[in-house]
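Step one of this worksheet: look at the structure below.
The values are calculated or read from the model by the stated rules, or taken from the named source; none is laboratory data. Since the model is a prediction, treat every value here as computed from it, not as a measurement. FYI the Cβ positions are ideal-geometry reconstructions off the backbone, even for glycines, and counts take in every protein chain you see. Note: areas computed on protein heavy atoms with side chains; ligands, DNA, RNA excluded. Shrake-Rupley method; radii C 1.70, N 1.55, O 1.52, S 1.80 Å.
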Amino acid sequence: MFNPSRQDARRFFFDTWSKHQRNETLTDLEKIVLAILLEHPEYHAIVGQPERYLEQEWTPDMGESNPFLHLSLHMAIEEQRSIDQPFGIRSLYAQLALRLGDEHAAQHQMMECLGEMIWHAQRYGGGPDVNRYISCVRSRLGMGEEETPRLNPNDIGD
């Protein structure tokens, strides 16, 4: 399974931006990353300076969010949409984008839910809770919880 280090993930953003700047051919994944980067001009100076930002720390007390975490969460949402996992997330995304009139804003709403789920898992232990995530996204649409709870991937085989 592919599990990049923090530096590897950051290098991917740096390299994609650099290839874009040089008008080089991008892979399909790099094209997705570039589209995300183009939606975030506030990060262009950062991805253009790998020597300065490869090891940079962003902590809550600094008052800034980690741009690489933000970009990575966008990538996670894109992957979820592309494979419709958790099942139904593509439809929820489409409904949220329609309601907000903006796909980027819909992604940010979903990222808040994804972040909340990750924070909860880290704070209280255990793996990611797909029901917490789906319920959060559904609440953004004014929908209630699903009638039948989903089986979390980490619960399979217990």
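Observations, loosely collected:
- Taking GluC sites (Glu not before Pro) across region 63-158, the ones in a DSSP loop with at most 16 further Cβ atoms lying within 10 angstrom of their Cβ are 64, 145, 146, 147.
- Shape category assigned to region 7-49 from the gyration tensor of Cα positions, a/c cut at 1.5: rounded
- Based on alpha carbons, the Rg and Dmax found for region 1-74 are 12.2, 39 Å.
- Dimensions in Å of region 11-158 - Rg and Dmax from alpha carbons: 17.0, 51
- Note on exposure: 77, 32 ranked by accessible area (1.4 Å probe, complete protein assembly) read 32, 77, with the most exposed listed first.
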